[in-house]
Structures are given as structure tokens and as C-alpha cells.
1. Under a Cβ-only charge scheme (Lys and Arg +1, Asp and Glu -1), can you give me the dipole magnitude of the chain about the Cα centre, in debye to the nearest 20?
2. (1) 104; (2) 94; (3) 256: which one is volume of the Cα convex hull per residue in Å³ as calculated from this entry?
3. Past 18 Å, Cα to Cα: identify those pairs from Lys15/Lys50; Lys88/Lys114; Lys8/Lys57; Lys8/Lys88; Lys8/Lys77; Lys50/Lys97, in the order given.
4. In degrees between 0 and 90, to the nearest 10, how far off the longest principal axis of the chain does helix 26-35 point, with axes built from Cα atoms?
5. When the helix-only estimate is applied to the chain (DSSP H runs of n ≥ 4, each -39,500 (n - 2.57), divided by the residue count), what is the mean residue ellipticity at 222 nm, nearest 500 deg cm²/dmol?
6. Count the DSSP beta bridges whose two residues both fall in the chain, then state the antiparallel fraction as a percent rounded to the nearest 5.
7. Could you give me the ³J(HN,Hα) list for the stretch 110-120, computed from phi with Karplus coefficients 6.51, -1.76, 1.60 and θ = phi - 60°, whole Hz, x at Gly and Pro?
8. With every protein chain left in place, what is the accessible area per residue of the stretch 9-125 in square angstrom, probe 1.4 Å?
Amino acid sequence: SVLALNGKIREVGEKIFASNGKEVDFASALESCEEAGGTLAAPMNEEENKAILDIVKQYNRYAYLGIKEGEISGQFKYINGMPLNYTKWHQYEPNGKGTENCVEMYTDGSWNDKKCNLYRLTICEF
């Protein structure tokens, strides 16, 4: 399999979250998830956010989420274009005002808008 998992898996309802432990930019992270038959992890509720956080904590690395800024500055959506039905922004975030189009998860489970060219942990959902 593309993802060497080593127990870095969390199941929540119908979803499985898994990481390959690699830190890459947003486009590469998304590509590797899609090649494996999934997409970038995007929490739709508190339970899913916690499952992703478990993996973030295991690696102690911030991770990109499958959420991007839309055409309207400050408005974020799932990468499939659906509106966010759950958010966990860190205090005073998002604050990039159109310059930070991607979203990362901190090691406390909160979110921050961030540039897409940084290296962050890849976490996929299946």
C-alpha cells in the first residue's frame, strides 16, 4: 500500500484517518492522499477533529487539513467546495485575509490559516 501505516490510524464512524508521517506542501499532501484513494483529512465534527488531533499529537507536527479559502477572502470551504459545517479556529484566526489560503491544525486541535507552500504533516481520510 502507498501508506506505510504503523498504527497511525484512527477510525471515526465511516471514516478512517491515516498518516504516512511525511511533511510536504499542501499540493503534495493532497496528491499523495488522492493517489492512495482518499483525500486530505477534513474534520466535520468534534469527534473527527479529535481523531485527527490524535495523529497530530503522535507525530508532534502541525498538519494540513482538507480545507481551503474560497474566492471570498476569509471564507473557507472543504476542498470539494462544500461549505464548512464545523470549525475550530484558534483565537483570532483566520487572519490571513486572502494571503493564507490553506489551513493547518495545531497540536491542541485548533486551526490556523496558513500559506500552502510550507511543509506540514500529511493526514488522509478514507
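The values are calculated or read from the model by the stated rules, or taken from the named source; none is laboratory data. Computed from a predicted structure; not experimentally measured. We place every Cβ from the backbone using ideal geometry, glycine too, and count neighbours over all the protein chains shown. Protein only, heavy atoms only, side chains kept; ligands, DNA and RNA dropped before computing areas. Shrake-Rupley method; radii C 1.70, N 1.55, O 1.52, S 1.80 Å.
1. The dipole of the chain has a size of about 240 debye.
2. Answer label, from the structure shown: (2).
3. Lys8/Lys88; Lys8/Lys77; Lys50/Lys97
4. 40 degrees
5. Mean residue ellipticity at 222 nm (helix-derived): -6000 deg cm²/dmol.
6. 90 percent
7. Along the stretch 110-120, the couplings run 8, 10, 9, 6, 8, 5, 8, 9, 7, 9, 10 Hz.
8. Spelled out: the 1.4 Å probe surface of the stretch 9-125, per residue, equals 51 Å².
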